[in-house]
Structure formats: C-alpha cells, structure tokens
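Let me begin by presenting the structure, written as structure tokens, before commenting on it.
Derivation of every value follows stated rules applied to the coordinates shown; laboratory data play no part. From a predicted model like this one, the values you see are computed outputs, not experimental measurements. Note that we place each Cβ from the backbone using ideal geometry, even for glycine, and neighbour counts take in every protein chain shown.
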C-alpha cells in the first residue's frame, strides 16, 4: 500500500497531483510527490494531461524522424519513445492481461498467471501484434497528422480509462489496482474524461465523436471481460485498457484519413 507521508489537503485537480500522475504513468524524473493513497486516486484527474504530454513528446520524435527517415522507421522510433517514456508499463499490463484472460480456466487461476513475472505465449503475441499495429498505423499518416494523432490517442486513451474505472472493484486486494480503485472518486475521473474529450475536439474537430466512441468501446470491452473472467480490475487490466484504447484511436484516425482521401 502506498502511504509515504500523512496526506495533505488537496483538491482533485490540485497541480501537485499532476506530478503524482507523472510519477505513476511515466518514467520522467519528478521526485516523490506522493503522500497518500488518496493522492494516487485523485491524480487520475491529470491522466489525460499526462497522456497528451507523452503523445506530444512521442509525436515530436515521429515528426523529426519522419523528415529524414522512411516513414516506417520513424514510426518505430516514435512507438519506441512512447515505450521508454512510460517504462513499458502499459505493455506489461497488456501482456499479463492476455496471459491471464486467455490462459486460465478459473478467476483464481487467471489471477495467478497474471501475477507470474514470466510472459506466456498469449502475452508475447499481444505485444507483437500491438506494436506492429501501432507502427503501421502511424506510418500511414503524414508527419503533422501523425504527431496530432499521438497527442489525441495519448490523452483520450487515459481519459476514457479513467471513466471506465469508476465503480469497478479490484480483482485482488494485494495489487496496485486496489489502491486506485478503492479510493477513486467520480470528480477526478470525470475531469480526466472531459479533458480528453476537449483535447480530442481541438485536434480532430467533427471526427472527435466517433474517435471518442472507439476509445470508450475499447476501454469498456476490457473492463467487461476482466469483470467477467477475473471478478474485477487489476493494475494490469487498467494498463491494457489504456494501450488498446490508444490503438483504437489510431486505427479510427487512420481509417478516417484514408476514407477522406478516397
């Protein structure tokens, strides 16, 4: 359980909680701003902002690399930058979720598999497929469109995941997900969702509506599957929500771009 120091009074959108969200979702050096389990949950309000920051930094790598390299090579570098910025946190969650959901017969067995540090066949396949998908989707966009898509995908994937976590129960009591889900309040989650939708509208215009729906569908599909097969959510399934929502956003943006060019 995370409880480094006694909690200070903080509103759900207190700027200090932005640093908490950065610490939880990235490997950027921010010191140790966490003070309580409540901080962990309330920092959800900043998830969409952190996602936009990760997407923006990766988008800059993509844009600069695409000016000098073949588009697919630039896409590999951009996806690699995202993985480095997040410490492969969401990729690890997706791999464990795939192993657990598809490799076990009972909720207890699936949770045991997910807790195992070894990655199984389902997890490896999930990682290979998601990386290939993201690289090829990004390579289908222009440098400017690709950079914008990474910002939208980064922000929206985390915003809809915040909403999808509301009223969810933890599948086990000893995981990091339990701290988050036990203390999550509607205010911070809704703040993250609204921030993500606003950011998407600024970048995507009228295309924001189907993009938001696609991201939400991906996140809630993982939630429904996890609740049915695990009995609740874990930190790993939350990571899988983010990564699959991100891929859903990129997929739809590319589809809309291709459709507009027909």
Rounded to the nearest 0.05, what FRET efficiency do residue 166 and residue 198 have when you use their Cβ-Cβ distance and R0 = 25 Å?
0.85
For region 24-139, what's the relative contact order in percent, using C-alpha pairs closer than 8 Å and at least 6 residues apart?
26 percent
Taking Cα pairs closer than 8 Å and at least 6 residues apart, the relative contact order of region 46-261 in percent is 30 percent
Ranked highest first by average number of other Cβ atoms within 10 Å, how do 192-205, 163-176 line up?
192-205, 163-176
By the mean-Cβ-within-10 Å protection proxy, highest first, 82-90, 115-123 rank as 82-90, 115-123
Using helices alone, what [θ] at 222 nm do you get for the chain, with -39,500 (n - 2.57) per DSSP H run of 4 or more residues, divided over all residues and rounded to the nearest 500?
-24500 deg cm²/dmol
Of the residues 48, 74, 215, which exhibits the maximal mean-square fluctuation in a Gaussian network model of the chain defined by a 10 Å Cα contact cut-off?
74
Stretched fully, the stretch from residue 108 through residue 60 gains (0.36 nm per residue minus C-alpha distance, one decimal, in nm) 13.0 nm
Taking the mean number of other Cβ atoms within 10 Å as a proxy for protection, how do you rank 126-137, 91-102 from highest to lowest?
91-102, 126-137
What is the extension gain from residue 69 to residue 257, computed as 0.36 nm multiplied by their sequence separation minus the C-alpha to C-alpha distance, in nm to one decimal?
65.5 nm
With a Cα-only, solvent-free Debye model of the chain, what are the log10 I(q)/I(0) values at q = 0.10, 0.12 Å⁻¹?
-0.46, -0.67
For region 50-116 and region 213-262, compute the distance between their C-alpha centroids and round to whole Å.
13 Å
